[in-house]
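In what follows, a structure is listed as C-alpha cells, so that the remarks can point back to it.
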Amino acid sequence: MLSDPGIADAIGVSAGAFSVENVRRSKQARVDSGVAGDWTIFFSADDAERFVGEAGIADWDSLNHIVEIFASIHPACGGKGFGVEAVSALMKHIFRSDPIATVRVQTLQRNLKALRLAGKLGFRESGRRVALPDPVRGFKGGTAVFLECRSHQFRLPTEGTEKTRL
C-alpha cells in the first residue's frame, strides 16, 4: 500500500519510499517485540486474495488511559465501509477494556478521507503541529492533526451506511 501514490501522498511520503520487504520486516519486528497492547489487524476482501488494509493499536498507555490507533485502507477499497468497520471494532475493544480511555489518532491535514472517517465515529480535533520534512525517510512534511474520542463521544454510523462489510 505504501508504494501507492494515493496513500503515499495522504501520509506525506514519497511514492516508493518503502519497499514491500522493508514494510514486512518492520511489521514482523513489531509482532516479534511482544510489546503489550501493540497489535495490528490485517484484513482482506471476502475472497482473501486482495489486501484491503490494516488497523491497529500503536500505543496503549494504561496508566494514563490513552490509546493511540492507526488505520489505512487501500485506495481501491475506499468508500466501501472497511475503515469504519475496522476502526469501530478497535474502538469497541478499547472501551470494553478501559471505559475511561481517550483514543487518539494522528493524520495529516491533507488526508481528507481519514478526517472524514474520524468525524463519523465521534473524534474531535485536539491539536495541530507542523511536521517538518524528513528526506531520509521520504517524508514530505505537512500539518499534523490530532484527534481524540472518549467513550461517551464514540458513535457508530447509522446501520446501512456502509456499502460493504468485512
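Read the figures in this text as sums done on the coordinates, not as results from a lab. Because the structure is a prediction, the values reported are computed rather than measured. For neighbour counting, all protein chains shown are included, and Cβ atoms are generated from backbone atoms with ideal geometry for every residue, glycine included.
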Inter-part gap, Cα centre of the stretch 84-102 to Cα centre of the stretch 113-141, in whole angstrom, is 20 Å
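When a footprinting reagent is the concern and you count Cβ atoms within 10 Å, what order do Phe123, Phe70 take, fewest first? Walk me through the intermediate numbers first.
Details: Phe123 26, Phe70 18.
Lowest count first: Phe70, Phe123.
Neighbouring Cβ atoms within 10 Å as the yardstick, rank His152, His74 fewest first.
Numbers: His152 10, His74 18.
Ascending number of Cβ neighbours within 10 Å: His152, His74.
Sort Arg116, Arg104 so the one with the fewest other Cβ atoms within 10 Å of its own Cβ comes first.
Placing the least packed residue first, the sequence is Arg116, Arg104.
Just to confirm a number: summing +1 for Lys and Arg and -1 for Asp and Glu over residues other than Phe123 whose beta-carbon lies under 9 angstrom from that of Phe123, what do you get? Don't skip to the answer; put the middle values down first.
Numbers: positive: Arg104, Lys120, Arg124; negative: Glu125, Glu148.
Computed value for this residue: +1.
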Using θ = phi - 60° and the Karplus form 6.51 cos²θ - 1.76 cosθ + 1.60, what ³J(HN,Hα) does each residue of the stretch 130-139 get, whole Hz, x for Gly and Pro?
7, 9, 6, x, 9, x, 5, 8, x, 8
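Compute the Cα gyration tensor for the stretch 42-155, then decide on rounded, prolate or oblate, letting a ≥ b ≥ c be the square roots of its eigenvalues: rounded whenever a/c is under 1.5, prolate when a/b is larger than b/c in the other cases, and oblate in all that remain. Could you put the intermediate results ahead of the total?
Values: a/c = 1.64, a/b = 1.02, b/c = 1.60.
Note, shape of the stretch 42-155 comes out oblate.
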Quick calc: nm separation of the 7 Å Cα→Cβ label points for Phe154 and Ala89 -> 1.5 nm
